[in-house]
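Chemist: Structure in structure tokens, see below.
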Amino acid sequence: MPIYALGDKVPKIHPEAFVHPDAVIIGDVTIGAQSSVWPCAVLRGDSNKIVVGDRTSIQDGSVIHTTTYLGTFIGNECTIGHNAHLEGCTVKDGALVGSGSLVHHEAVIESGALVAAGAVVTHGTIVPAGALAVGVPAKIKEGKADPDVLAYSIDFYTRMAALYPKEMRRID
């Protein structure tokens, strides 16, 4: 798998994390225990740090980046959906960022919040705990995040992160 140091910036990946061989990790990136990074995801900590907590899933095709003055911080038990793009933002514990969504600079996704698929969370937006953010630009719907969706995603991807290192094999 392509994991790269960039100068003195060296990724720190917990031994219990799963990083798919087709994911790319560069620079100042920390990935916690039982977390997973899936095919074609890119975590590029070149100009600032990226921190991914425990039991968090960064799904296929996602791009996690920073700015020169903002790191990107993703908490414990988060799900970052397929093809999501996060840059210079904070996603707190237990939040879900849906497939194809964008979360921009200085945005904060609070614990237990859900960013719907395809939503664009603009600069500095705060999605409150338990809220649902939908649309372009995202509109906030207080108390509309479904906790069952959040719990299912955490459980499913934690199980997959444990299964893949044991069962996945290349056949060509």
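Every read-out reported here was derived from the displayed coordinates using simple, explicitly stated rules and does not represent laboratory data. Here the structure is a predicted model, which means the values were calculated and not measured. All Cβ positions, even for glycine, are placed from backbone atoms using ideal geometry, and neighbour counts span all protein chains on display.
Chemist: Would you mind checking Lys12/Lys166; Lys12/Lys92; Lys92/Lys144; Lys12/Lys139 for any pair whose Cα atoms are more than 26 angstrom apart?
Modeler: Lys12/Lys139
Chemist: Which order do peptides 51-60, 101-110, 137-146, 158-167 fall in by mean Cβ count within 10 Å, highest first?
Modeler: Ranked by mean Cβ neighbours within 10 Å, highest first: 51-60, 101-110, 137-146, 158-167.
Chemist: Just to verify a number: FRET efficiency for Thr68 and Ala33, C-beta to C-beta distance, R0 = 35 Å, to 0.05?
Modeler: 0.75
Chemist: Quick check for me: using +1 on Lys/Arg Cβ and -1 on Asp/Glu Cβ, what's the dipole size of the chain about its Cα centre, in debye to the nearest 20?
Modeler: With Lys and Arg at +1 and Asp and Glu at -1, about 100 debye.
Chemist: Next question. Label-point separation (nm) for Ala162 and Asp8, each offset 7 Å from Cα along Cα-to-Cβ?
Modeler: Going from the Ala162 label point to the Asp8 one covers 3.9 nm.
Chemist: Can you give me the long-range amide H partners of Ile126? Hydrogens built in the peptide plane at 1.01 Å from N, cutoff under 5 Å, separation of 5 or more residues or another chain.
Modeler: Amide H neighbours of Ile126, under 5 Å, 5+ apart: Val108.
Chemist: For the peptides 38-49, 12-23, what is the packing order when you average, over each peptide's residues, the other Cβ atoms within 10 Å and list the highest mean first?
Modeler: On the way: 38-49: 19.2, 12-23: 16.6.
Going from most to least packed, we get 38-49, 12-23.
Chemist: Plugging the Kirkwood radius over Cα pairs into Stokes-Einstein for segment 3-167, at a temperature of 37 °C and a viscosity of 0.692 mPa s, what D comes out in µm²/s?
Modeler: D = 217 µm²/s.
Chemist: Applying the Karplus parametrisation 6.51 cos²θ - 1.76 cosθ + 1.60 with θ = phi - 60° to the phi angles of segment 159-172, what ³J(HN,Hα) value in whole Hz is obtained for each residue in order, glycine and proline being reported as x?
Modeler: Once θ is set to phi - 60°, the couplings for segment 159-172 become 5, 5, 5, 7, 6, 4, x, 7, 10, 6, 8, 7, 10, 10 Hz.
Chemist: When the chain is fully extended, how far beyond the present Cα-Cα distance does Asp22 get from Lys139, taking 0.36 nm per residue of separation?
Modeler: 38.7 nm
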